[in-house]
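This report concerns only the one structure given below.
The values are calculated or read from the model by the stated rules, or taken from the named source; none is laboratory data. What you see is a predicted model; the values in this text were computed from it and never measured. Here the Cβ positions follow ideal geometry from the backbone for every residue, glycine too, while neighbour counts run over all protein chains shown.
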Amino acid sequence: MTRSARLAAGVAAIVASSAPLAACDVITPKRSEGEKLWRDRCSQCHGLDGRGNTVTYMGNYKADLTDDSWSHGGDPGSWEVAIRRGIFGSMPANPDLSREQVKALVGYIRELRGEAIHKSGG
């Protein structure tokens, strides 16, 4: 087999093996930036659904972000502060997140809470 034939066969194998990966977008939904951050940084304590039903925090009302029992402010502005600065002894700070990432997390918390989010133009 010539060098160019081997190269062509290798490229064909790579293309063929990547076809199933393209189908993953159909099988698994695309996640928003907020959901990705939530799963990476928040779900271990607050749960995937935001209800705090995790091994460590089950029964701790503060871990449930879907109810209206908030110790550190129940409005999105307070959530941004808590995400950025953390809560002493309860939640780590996230100073490395950009403003957009914090807003994406707040938006995702609102989704978990079932709140309608109206996007304004401009």
Checklist entry - Name the residues in the range 57-70 that are in contact with a helix residue (DSSP H, G or I) (Cβ under 8 Å, 6 or more places away or on another chain) and within 17 Å of Phe88 (Cα to Cα), would you? => result Tyr57, Ala63, Trp70
Item to check | Set Ala82, Ala104, Ala93: member being surrounded by 14 or more Cβ atoms within 10 Å (Cβ to Cβ) and in contact with a Gly (Cβ under 6 Å, 6 or more places away or on another chain) | outcome: Ala104
Checklist outcome for this item: Of all helices (runs of 4 or more DSSP H) fully inside the range 1-115, the set with 1 or more residues that are modelled with pLDDT of 80 or more and in contact with a strand residue (DSSP E or B) (Cβ under 9 Å, 6 or more places away or on another chain) is 43-46, 76-85
Item to check | Residues that are over 19 Å from Tyr57 (Cβ atoms), touching a residue at least 24 places away in the same chain (Cβ under 8 Å) and touching a Lys or Arg at 6+ places or on another chain (Cβ under 9 Å), drawn from the range 68-109 | outcome: Pro76, Glu80, Leu97, Ala104
